[in-house]
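Take this structure, written in structure tokens, and hold onto it; I'll ask about it next.
The values are calculated or read from the model by the stated rules, or taken from the named source; none is laboratory data. Only a predicted model underlies this, so the values are computations on that prediction, with no experimental measurement involved. Every residue, glycine as well, gets a Cβ built from its backbone with ideal geometry; the counts of neighbours run over all protein chains shown.
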Amino acid sequence: MLKERLLERFSPDALDDAVRQKQDQFAGLLTEEAALRVLAHEAGFIQPPDDVAYAPLQSAQPGQLLSARVRVLAVFAPKRFATAERSGRLCKIRVADSSLSADVVLWNSDVDFASTLCRNDVLLLKDVSVKVLQPLELHCRLSSELRVVSATDADAALPTASVPQRRLDELSEGTEADVVARLAEKQPLKEFQRQGKTGYLSKIKLSDGTADLWAACWDENAHAAQKLSVGDAVKLEGAVLKNGELSVSWSGRLCPAPVDHGLGAVAETPCKSLADLDGSDAVVDVRVDKVVDAQRVHKCRSCGSKSPEKKAVCVCGSEDFSSLTYASLELSDASGRFRGVLFDAAAVAFLGAKAGTDLNLLSQLKRDYLAGKNVKLLAYAKSGRTGQKEIVGKAVLS
Ligand SMILES: [Zn+2]
């Protein structure tokens with residue numbers, strides 16, 4: 001139904017593109033349905049229905065379906081649950097009107113909608129079910145509708161969240177705050193066991209131009225952090241500074257692609273020196289000293305031997321091959337000179353290759369042109385076959 005209405009404004013192809021863009025913007029966290037809702041909201045034609053009577057939260061009766069106009073005070077990190085009967089995701093939102101505050105629980109695909117919400121949004125709740133009275137807990141059902149609307153003068157009566165937004169250099173130990181910054185580095189996802197359950201941790205380094213700070217993102221927030229790329233703007237709601245590091249646990253939330261983040265000129269992603277680069281992703285600004293070679297090779301999945309020609313059967317007898325593109329380089333910056341390698345899309349982008357180009361030939365033709373050029377790479381370091389440090393470029397940034 002929503003799609004039909006959007007098709008009055010978009011051609012079918014344009015709508016598909018817009019949905020995909022919206023999903024990219026939210027780092028793949030949106031389902032198609034949620035993306036359509038965001039688009040409809042942006043197109044300005046989701047209006048609060050006229051025939052709904054909004055009631056104060058205080059008037060809620062057990063078992064009743066309630067409709068209310070509220071302010072979003074906090075969006076908690078989504079959680080996964082599994083019981084004998086069912087499994088899925090849930091997300092809790094704390095809301096309030098001038099009479100009372102309440103927790104709204106969203107289930108499964110509705111959780112995607114929560115990732116589009118921000119603190120202090122004005123939200124219309126239609127037909128949410130009253131589950132518990134004290135403290136008031138409302139559940140979304142199939143027939144429930146949630147809509148973000150623009151605040152009107154009358155909404156000034158709604159309470160606002162007490163959590164302030166702060167710059168990274170303004171944070172004080174133990175105090176909850178919202179921050180907006182760019183991702184400067186990202187460590188790999190860590191999995192651990194805690195009280196018989198699997199937990200996840202992802203550490204990201206943030207920079208907003210006033211300071212650099214590591215943030216520990218836990219569980220669902222860790223998964224959301226892994227979807228970010230170095231240089232992305234990100235908002236952390238309800239982050240707490242603990243021992244000089246931000247923590248975003250269950251009461252906090254990582255919002256990808258914050259709107260109006262105001263970071264434009266403030267935070268250029270800082271570069272790391274090649275000597276300091278380790279296993280975490282970071283941006284490096286390097287000189288290409290030499291293009292050694294580039295190839296598209298076929299690698300035997302069984303014994304690992306590589307060959308530029310596609311053979312039907314490997315010397316080991318296996319017929320299972322994968323194809324791999326690489327460009328082998330020598331890179332340097334003020335900190336030293338290192339072997340570097342780009343794989344697949346990064347290698348193709350670096351050489352400016354088109355589909356079907358002979359990469360080996362292209363690398364020879366462009367060798368002199370590329371030598372001495374400076375390039376920004378998203379990269380990490382690993383130990384090469386002979387034990388020396390090797391720079392792996394994941395993407396060419398400039
Ligand atoms: Zn083989």
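Looking at Asp333 and the list (1) touching a Lys or Arg at 6+ places or on another chain (Cβ under 9 Å); (2) free of Cβ contacts under 8 Å to residues at least 12 places away in the same chain, which single condition is not satisfied?
Condition (2) is where Asp333 drops out.
Sticking with this one: Go through the range 279-338 and give me each residue that's within 16 Å of the ligand (Cβ to nearest atom) and at positive phi.
If we filter the range 279-338 for residues that are within 16 Å of the ligand (Cβ to nearest atom), which is where we start, we get 297-324.
Answer for the range 279-338, where residues must be within 16 Å of the ligand (Cβ to nearest atom) and at positive phi: Gly304, Gly317.
With the condition kept exactly as written, say whether any residue in the range 65-72 is more than 19 Å from Ala157 (Cβ to Cβ) and modelled with pLDDT under 90.
Step one: of the range 65-72, the residues more than 19 Å from Ala157 (Cβ to Cβ) are 65.
This time we only want the ones that are modelled with pLDDT under 90, so: none.
Among the residues of the range 65-72, not one is more than 19 Å from Ala157 (Cβ to Cβ) and modelled with pLDDT under 90, which makes the answer no.
May I ask you to list the residues in the range 96-137 that are hydroxyl-bearing (Ser, Thr, Tyr) and assigned to a loop (DSSP other than H, G, I, E, B)?
Ser98, Ser99, Ser109, Ser115, Thr116, listed by residue number.
Give the residues of the range 156-173 that are buried (at least 16 other Cβ atoms within 10 Å of the Cβ) and assigned to a helix (DSSP H, G or I), sorted by residue number.
Leu168
Continuing with this model, one more query. Enumerate the pairs (first residue in the range 292-310 and in a loop (DSSP other than H, G, I, E, B); second residue anywhere and among the basic types (Lys, Arg) and more than 10 Å from the ligand (Cβ to nearest atom)) with beta-carbon separation below 9 Å, excluding pairs fewer than 6 apart on the same chain, so at least 6 apart or on different chains.
Pro308/Arg296
Let me ask something else. I need a count of the residues in the range 83-116 that are surrounded by fewer than 21 Cβ atoms within 10 Å (Cβ to Cβ) and modelled with pLDDT under 85.
So the count comes out to 7.
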